[in-house]
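Working notes, structure below.
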Amino acid sequence: MNNKEKLEGIKCKKCFYLQHISHLRCLKCKNDTFDTVEAKGDCILLTYTILHAPPMEFRDKKYYILGVVQFENGMKALGQIWPKENLIIGMKLKPIYEKVCNDLDGNEVNAYVFK
Ligand SMILES: [Zn+2]
């Protein structure tokens, strides 16, 4: 299965605060009506960390990088960053949907990697 997932957030209809899709109420004004916002275009790297002891799913890798990116419309996303070389805060990255690992049952896991 390789259905590309959308990178979506929700925007409060009252105060326009942009937040993660999992929240039932606006974190700012407690309103509960939202518009769905899709991440578009390129993004920039806000911050990252290098995990040298990755979880079991990534046992074939010596390390992997997790970072937070921000899209042009303000949406932020957490995901893998690749490659490790020459990473600079504020640099432009592209979201690429691809296989990131096999889970512990051997099934392919797909997600966005920011390159
Ligand atoms: Zn709000």
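Here, each number is a calculation from the coordinates, and none is a lab measurement. Everything numeric here is computed off the predicted structure, so don't read it as measured data. Backbone-built Cβ (ideal geometry, glycine too); neighbour counts: all protein chains shown.
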Note: among K76, K84, just one is surrounded by fewer than 15 Cβ atoms within 10 Å (Cβ to Cβ), at negative phi and among the charged types (D, E, K, R), namely K84
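I'd like to check which strands (runs of 3 or more DSSP E) are fully inside segment 1-57 and have at least 2 residues that are among the polar types (S, T, N, Q) and more than 16 Å from the ligand (Cβ to nearest atom).
Counting at least 2 such residues, we get 43-51.
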Name the pairs whose Cβ atoms lie under 8 Å apart, with the first residue in segment 35-57 and more than 16 Å from Y112 (Cα to Cα), the second assigned to a strand (DSSP E or B) and among the acidic types (D, E), and 6 or more positions between them or separate chains? T36/E8; V37/E8
For the subset of segment 69-115 comprising residues that are among the aliphatic types (A, V, I, L, M) and assigned to a loop (DSSP other than H, G, I, E, B), which member is nearest to I21 (Cα to Cα)? M75
One residue from Y64, Y97 being touching a strand residue (DSSP E or B) at 6+ places or on another chain (Cβ under 6 Å) and surrounded by fewer than 17 Cβ atoms within 10 Å (Cβ to Cβ): Y97
Conditions (1) within 12 Å of the ligand (Cβ to nearest atom); (2) part of a strand (DSSP E or B); (3) touching a Phe, Trp or Tyr at 6+ places or on another chain (Cβ under 8 Å) -> L66 fails only (1)
